[in-house]
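Worksheet: one structure, shown below.
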Amino acid sequence: MADVFDALAAPARRAILDVLSRRDDQTLFELCGRLASDHDVDLTRQAISQHLAVLEEAGLVHTRRDGRYKFHSIDIAPLHGAMSRWLNEEKDS
């Protein structure tokens with residue numbers, strides 16, 4: 001759970017998840033373009049790739065390779081796991 005919160009701490013990583021939540025299976029090139037145009041994120045491809053690695057390590061992004069391209073997709077299951085302790089428990093009266 002700590003990995004999820006650490007991954008979400010950076011605004012650039014939250015922007016990446018925003019972009020992926022609108023459309024899965026994006027290449028690094030597509031992500032860079034959408035981050036620059038939609039979120040005003042001006043990072044190098046290498047920096048975005050490093051942010052993707054952190055998100056992947058936390059389980060929030062999955063990557064699949066098809067030929068020379070890598071496609072990135074969001075996985076919200078870790079978010080549910082991290083938040084369920086506050087959202088699903090019944091309150092004591």
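Things worth noting here:
- Only listed residue being over 25 Å from R85 (Cβ atoms), among the hydrophobic types (A, V, I, L, M, F, W, C) and in contact (Cβ under 8 Å) with a residue 40 or more places away in the chain, chosen from L31, L20, L35: L31
- Close contacts from the range 65-79, counting a first residue that is at pLDDT below 95 and a second that is among the small types (G, A, S) and part of a loop (DSSP other than H, G, I, E, B), with Cβ to Cβ under 8 Å and a gap of 6+ residues or different chains, come to A77/G59; P78/A58; P78/G59.
- Top-ranked residue of the range 1-20 - restricted to ones that are in contact with a helix residue (DSSP H, G or I) (Cβ under 8 Å, 6 or more places away or on another chain) and not in a helix (DSSP H, G or I), ranked as farthest from K70 (Cα to Cα): M1
- Residues that are of a type in the set (G, A, S) and either touching a residue at least 12 places away in the same chain (Cβ under 8 Å) or surrounded by 15 or more Cβ atoms within 10 Å (Cβ to Cβ) (or both), drawn from the range 1-17: A7, A10, A12, A15
The values are calculated or read from the model by the stated rules, or taken from the named source; none is laboratory data. Owing to the predicted nature of the structure, the values given are computational and were not obtained by experimental measurement. Glycine gets a Cβ as well: all are built from the backbone with ideal geometry, and neighbour counts include every protein chain shown.
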